[in-house]
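The values are calculated or read from the model by the stated rules, or taken from the named source; none is laboratory data. As the structure is a computational prediction, the values presented were derived from the model and not from experiment. In this analysis, Cβ positions are derived from the backbone assuming ideal geometry, glycine residues included, and neighbour counts consider all displayed protein chains. Calculation scope for accessible area: heavy atoms of the full protein, side chains included, ligands and nucleic acids excluded. Shrake-Rupley method; radii C 1.70, N 1.55, O 1.52, S 1.80 Å.
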Amino acid sequence: MLFVSTRGKTDMVCSAHAITRGLADDGGLFVPQKFSELSLGEIVSMRSMTYKERAVAILSLFLTDYTKEELFDCADAAYAQAKFGAEPVPLVQVNGNTDVLELWHGPTSAFKDMALQILPHLLTKAMAKTGESNKVVILVATSGDTGKAALEGFANVKDTEIIVFYPEDGVSAIQKHQMLTQSGDNVRVIGIKGNFDDAQRGVKEIFSDTALADELASKGFVFSSANSINWGRLVPQIVYYFSAYSDAVAKGRIKAGEKINFSVPTGNFGDILAGYYAKLMGLPVAKFICASNSNNVLSDFINTGIYDRRRDFYKTVSPSMDILVSSNLERLLYSITGNDAARVSEWMQQLATNGTYNVGEKVNNSILEEFFGAWVDELETEETIGRVFNDDGYLLDPHTAVAWRACEKYRLVSSDDTYCIVLSTASPYKFSDVVLKATGSEDDAKLAPFDGLRKLHELSGLPVPEPMLAMETLPVLHKDVIEAGEMKAAVKTALKV
């Protein structure tokens, strides 16, 4: 299996090269040359496998320069019971035709753990395969969850350094505390005065700075990414779509071969793209519901074919989705246009220059066949959390609530009552203030973060994740806050070059 760039101006590479590089030299994203197909029998047979075995079954189709034994080693280390419990991704029935796939049982209580616990293992093996002798510097821009998950995964990993940039006022109190208390000889966490798009733009500019790359190479460093622009970060996310479907069959929620819907809260488009790729491989999916918050650039794009980042940026109660430039959409456009790298490259240039592009009616209609775009505002998000808790006894975090409400909107507009799996991307404890307010505990929403955790436990009875409680007594280790334009200098300082 070889990988090409969405912009078509680099040579084909093996998966190990795609993972170590992160971003293609032409600024595009690596995508597989083709997608292997699975039969319905192969998909359903996963119900008898452990999650680790399911992961290896999917990863081995893409990472063909890894042996099965190497992939088992990676999966075994990533999804150990000590990290994820006995069931890493439980499918939970909430009502008659809606289930929730809980993707937050890993060490940082966010869905990013599903990929970022295995990526360091894939990367270190990739470095050995490609003969990479330089120390790999992982650059991360985070809107809240990726940062901590990447730090947790890469802390003290041999021959790596990790530098995380986050918007100082754009993450929840718990998310920030998770990052600022992260220990590790090779980790740096830096706040920026700006939003996630500023952080992401800065990281991309650093990646494309050839003079900086040459300077760092002379000092023994090479850049890579833990954001979902890295194929090694995206491919593990394909696994849980197959896992969810096979579990739904095993639980009798659907019959084998029956098409289902997925509702996905997404800002950078990586999580939902993984599902689309699963469908290309044969997963029976009717519709993907792309759920946005008030930063509704993606839902607008799906409905109009016009991507326009020239709009107000909102800080919302679902901060991990506060994004206006969705990197992974480039991969969808490449696929939906029949791998037309020239058109994709032109659109990305228009986005960089003008802040907008229009894919036209034909491409837009192709997207609408696969996706339904809906957005959910702040009041709706909080109302949904309270209502679902009161009606069904299930506690949603603000991001999952956006996806739940988007599913309801889709059903209302389409009259399609197909069984739907809502992807739950974070523990409600990561956003206890919002959840307490939404469930009627207005005064408790103003509690200090760790008091809020305990109050939410009293309300719901759900166990508080142990790593979260342990943070209360941890010292703050990272205090740097910089202007967005100082990111390059901050990287050189962190690496002492």
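Could you tell me how far the Cα centroid of segment 141-198 sits from the Cα centroid of segment 41-107, in Å?
So the separation of the two Cα centres works out to 25 Å.
Identify, among Ala484, Ala448, Ser424, the residue whose Cα sits farthest towards the positive end of the charge dipole of segment 392-495, taking +1 on the Cβ of Lys and Arg and -1 on the Cβ of Asp and Glu, with the dipole about the Cα centre.
Ala484
May I ask for the net charge around Asp300, where only other residues with Cβ less than 15 Å from the Cβ of Asp300 are counted and Lys, Arg are +1 while Asp, Glu are -1?
Net charge around Asp300: +1.
So how do 221-229, 377-385, 455-463 stack up, highest first, on mean other-Cβ count within 10 Å?
Ranked by mean Cβ neighbours within 10 Å, highest first: 221-229, 377-385, 455-463.
Given the C-alpha centroids of segment 371-385 and segment 422-476, what is the distance between them in whole angstrom?
If we compute the Cα centre of each part, the gap is 21 Å.
Relative contact order for the chain: what is it in percent, counting Cα pairs under 8 Å that are at least 6 residues apart?
On the way: 980 pairs, mean separation 92.2, N = 497.
For the chain, the relative contact order is 19 percent.
With the full set of protein chains in place, find how many percent of the accessible area of the chain is carbon and sulfur; take the probe as 1.4 Å.
48 percent
So what are the ³J(HN,Hα) numbers for segment 410-418, from phi and the Karplus equation (6.51, -1.76, 1.60; θ = phi - 60°), rounded to whole Hz, Gly and Pro as x?
Computed from phi, the couplings for segment 410-418 are 4, 5, 5, 6, 9, 6, 9, 9, 4 Hz.
May I ask you to order 79-87, 48-56, 195-203 by the average number of other C-beta atoms within 10 Å around their residues, highest value first?
Order by mean packing, descending: 195-203, 48-56, 79-87.
Which of the aspartates and glutamates could a cross-linker span from Lys158 if the Cα-Cα distance has to be under 18 Å and same-chain partners fewer than 8 positions apart are dropped?
Result set, ordered by chain and number: Glu70, Asp73, Glu132, Asp185.
Which of the aspartates and glutamates could be linked to Lys255 by a straight reach, that is with a Cα gap under 17 Å, when you skip same-chain ones fewer than 8 residues away?
Excluding near neighbours in sequence, the set is Glu42, Asp99, Asp247, Asp417.
For the pair Asp214/Leu462, report the inter-label distance in nm, with labels modelled 7 Å from Cα in the Cβ direction.
Roughly 5.2 nm, to one decimal.
Can you give the helix-only mean residue ellipticity at 222 nm for the chain, where every DSSP H stretch with n ≥ 4 adds -39500 (n - 2.57) and the sum goes over all residues, rounded to the nearest 500 deg cm²/dmol?
Dividing the helical sum by the residues of the chain leaves -13500 deg cm²/dmol.
Under 13 Å from a point 7 Å along the Cα-to-Cβ line of Tyr314: which residues of segment 266-292 have their amide N that close?
292
Using 0.36 nm per residue of separation minus the Cα-Cα distance, give me the extension gain between Ala342 and Ala489 in nm, one decimal. Provide the component values of the computation, followed by the final result.
Working: separation 147, 0.36 × 147 = 52.92 nm, distance 3.36 nm.
Stretched fully, the Ala342-Ala489 segment lengthens by 49.6 nm.
Treating only the Cβ of Lys, Arg, Asp and Glu as charged (+1, +1, -1, -1), what charge dipole size does the chain show about its Cα centre? Round to the nearest 20 debye.
800 debye
I want the antiparallel fraction of DSSP beta bridges within the chain, as a percent rounded to 5.
If I count the DSSP bridges inside the chain, around 25 percent turn out antiparallel.
List the relative contact order of segment 113-163 as a percent without decimals, with contacts defined as Cα pairs under 8 Å and 6+ residues apart.
With pairs under 8 Å counted, the relative contact order is 46 percent.
Treat every Asp and Glu Cβ in segment 244-342 as -1 and every Lys and Arg Cβ as +1, leave all other atoms uncharged, and give the resulting dipole magnitude about the Cα centre to the nearest 20 debye.
300 debye
Cα to Cα, under 23 Å, and not fewer than 8 places away if on the same chain: which lysines meet these conditions relative to Lys455?
Qualifying lysines at Cα under 23 Å: Lys176, Lys430, Lys437, Lys446.
Work through the residues other than Val325 whose Cβ is under 15 Å from its Cβ and net out their charges, Lys, Arg +1 and Asp, Glu -1.
Computed value for this residue: -2.
List the relative contact order of segment 92-180 as a percent without decimals, with contacts defined as Cα pairs under 8 Å and 6+ residues apart.
Relative contact order here is 26 percent.
Around Asn339, under 14 Å between beta carbons, what's the net of Lys plus Arg minus Asp minus Glu among the other residues?
+3
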